[in-house]
Amino acid sequence: MAINYYTTIESPLGPLVALSDGSFLTGLYLPQHKGWNGPDKAWVRSEAPFSAVRDQLAEYFAGSRQEFDISLSSEGTSFQRQVWRELQRIPFGTTITYAELARRIGQPGASRAVGNANGRNPISILVPCHRVVGADGRLTGYAGGVEKKRWLLAFERGEQVAAQREFFTATT
């Protein structure tokens, strides 16, 4: 039986829960993440599998990292995994619509299905589902909450970098 590991990582959004199978990051959940009920009792709390994740998230929130170099593995349908791979191609600080995301995966009529797959993304921030917005630019659903989506987008536009440097100076 495979061992699953977890830890918490402090962030400006609150404590994030990171999951790993020992080789790959398999989950990163925001506080009050929709559909996430916390670690299973059989999982092992450990810091060892998460040092790179912790370091890269600290750099991201400090404003010095825009891309992540973490080995990821997500369970989902082939369609969901296709959507999640495409999410990783959305550049830092930019947004696209669900329709554009559907077009990019070659299924222009699948905006609703893309939205559903986007909402089931198990690796927040690193797989940037927060960068997808409604057709009119509105911030539609986000499993971590629309306020956290708003915060992440503002942060990536450089509107909150100074506050984040202060947060990480105080916590490291």
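Derivation of every value follows stated rules applied to the coordinates shown; laboratory data play no part. A quick note: this is a predicted structure, and the numbers were derived from the prediction, not measured. Note: ideal-geometry Cβ built from the backbone for every residue, glycine included; neighbour counts use all protein chains shown.
The table for this structure:
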| item | result |
| --- | --- |
| Answer label, with log10 I(q)/I(0) by the Debye sum over Cα atoms at q = 0.13 Å⁻¹ calculated from the coordinates and candidates [x] -0.72; [y] -0.78; [z] -0.63 | [z] |
| Counting DSSP beta bridges with both ends in the chain, the antiparallel % (nearest 5) | 60 |
| Environment charge of Leu16, counting only residues whose C-beta is closer than 10 Å and scoring Lys/Arg +1, Asp/Glu -1 | 0 |
| Computed [θ] at 222 nm, deg cm²/dmol, the chain (DSSP H ≥ 4; -39,500 (n - 2.57); rounded to nearest 500) | -10000 deg cm²/dmol |
| Cβ-based net charge around Ile123, under 12 Å, with every Lys or Arg adding one and every Asp or Glu removing one | +2 |
| Counted charge near Thr140, where neighbours are those whose Cβ lies closer than 12 Å (Asp, Glu -1; Lys, Arg +1) | +3 |
| Sequence-separation-based contact order of the chain, relative, with Cα cut under 8 Å and 6+ spacing, percent | 22 |
| Exposure proxy ranking, count of Cβ atoms within 10 Å, fewest first, for Ser124, Ser78, Ser73, Ser11 | Ser78, Ser73, Ser11, Ser124 |
